[in-house]
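> One structure, as structure tokens, below. Some questions next.
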Amino acid sequence: MAEDKYREALSRSAVTIDDEFVAAEVKRIIDENREKYSTEEVYKFLFNCIDLTTLQSTDSPRSVADFTEKVNQFETEHPEMPNVAAICVYPNFAAVVRTVLEVSDVKIACVSGGFPSSQTFEEVKIAETSLAVANGADEIDIVLNVGRMLTGEYNEAANEVEVIRSEMDRDVVLKVIIESGALKTPELIRKASVL
């Protein structure tokens, strides 16, 4: 049973730290490693992890094509730098990016699943994701249903992710955003991460 699977996964770990401890640990890690990782090599690596994103209400096929052209030109203008990891757009622009993109190692990412709120019908989330992939998306970014997490409907939230994942080819990357700021507590953030 799916519910038992989630219950078991959640029971295997527990949060024994609070926000103050996390903040102190983050500060300690940064302070201890600032010099070690403040290098040109690290900065180039991090730049190559960026999903260059346009999610404007004013986006259009032309503006997205122009945005993509900037990525195409980047290697010529900055040969010393690696390119970004992906171009991230709304699902209806996946085909535009696929048509214009000339850089083979840059992926096409699309937000989906009722992004950014995840507040729509599961069938709409599945259809939107399927259309994004059919139109060229290599990666899909969805938001875990925060409303369900806040009301303790963990199985429903996790099942939704599983259903969306099952509708995609295995080579398409699915990234699940947990909206930790909205979840607020370390315990709920942990549960969302486990699910």
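> Could you grab me the full set of residues in region 75-91 that are without any contact (Cβ under 8 Å) to a residue 24 or more places away in the chain and not β-branched (Val, Ile, Thr)?
Glu77, His78, Pro79, Glu80
> Among the residues in region 68-80, are any assigned to a loop (DSSP other than H, G, I, E, B) and touching a Lys or Arg at 6+ places or on another chain (Cβ under 6 Å)? Break it down stepwise before answering.
Quick first cut of region 68-80, residues assigned to a loop (DSSP other than H, G, I, E, B) only: 78-80.
The next check asks that each one be touching a Lys or Arg at 6+ places or on another chain (Cβ under 6 Å); those that pass are none.
Taking every residue of region 68-80 in turn, none turns out to be assigned to a loop (DSSP other than H, G, I, E, B) and touching a Lys or Arg at 6+ places or on another chain (Cβ under 6 Å).
> I need the full set of residues from region 118-174 which are buried (at least 17 other Cβ atoms within 10 Å of the Cβ), more than 25 Å from Val96 (Cα to Cα) and among the β-branched types (Val, Ile, Thr), in order please.
Val146, Val161, listed by residue number.
> Continuing with this model, one more query. So, of the residues in region 56-70 that are touching a strand residue (DSSP E or B) at 6+ places or on another chain (Cβ under 9 Å) and free of Cβ contacts under 8 Å to residues at least 24 places away in the same chain, which turns out to be surrounded by the most Cβ atoms within 10 Å (Cβ to Cβ)?
Checking each candidate, the answer is Phe67.
> Another question about this same structure. How about region 133-161: which of its residues are within 16 Å of Tyr6 (Cα to Cα) and small (Gly, Ala, Ser)?
Scanning region 133-161 gives Gly152, Ala157, Ala158.
> Out of the residues in region 106-117 meeting the condition of being surrounded by 14 or more Cβ atoms within 10 Å (Cβ to Cβ) and touching a Gly at 6+ places or on another chain (Cβ under 9 Å), tell me which one is nearest to Asn83 (Cα to Cα).
Ile108
> Something else: In this structure, is Ala109 in contact (Cβ under 8 Å) with a residue 40 or more places away in the chain and assigned to a helix (DSSP H, G or I)?
no
> Also: If you scan region 40-62, which residues turn out to be in a helix (DSSP H, G or I) and under 22 Å from the mean Cα position of the chain (by Cα)?
Those that are in a helix (DSSP H, G or I) and under 22 Å from the mean Cα position of the chain (by Cα): Val42, Tyr43, Lys44, Phe45, Leu46, Phe47.
> What single numbered condition from (1) modelled with pLDDT under 95; (2) within 22 Å of Glu139 (Cα to Cα); (3) among the aromatic types (Phe, Trp, Tyr) fails to hold for Phe67?
Condition not satisfied by Phe67: (1).
> Let me spell it out: the conditions are (1) open to solvent by 70 Å² or more (accessible area, probe 1.4 Å); (2) outside any loop (DSSP other than H, G, I, E, B); (3) modelled with pLDDT of 95 or more, and Val97 meets all of them except one. Which number is the exception?
With respect to (1) open to solvent by 70 Å² or more (accessible area, probe 1.4 Å); (2) outside any loop (DSSP other than H, G, I, E, B); (3) modelled with pLDDT of 95 or more, Val97 is out only on (1).
The values are calculated or read from the model by the stated rules, or taken from the named source; none is laboratory data. Quantities reported herein were computed from a predicted structural model and do not represent experimental measurements. Don't worry about glycine lacking a Cβ; one is built from the backbone with ideal geometry, like all the others, and counts go over all protein chains shown. Ligands, DNA and RNA are excluded from the accessible area calculation, which covers all protein heavy atoms including side chains. Shrake-Rupley method; radii C 1.70, N 1.55, O 1.52, S 1.80 Å.
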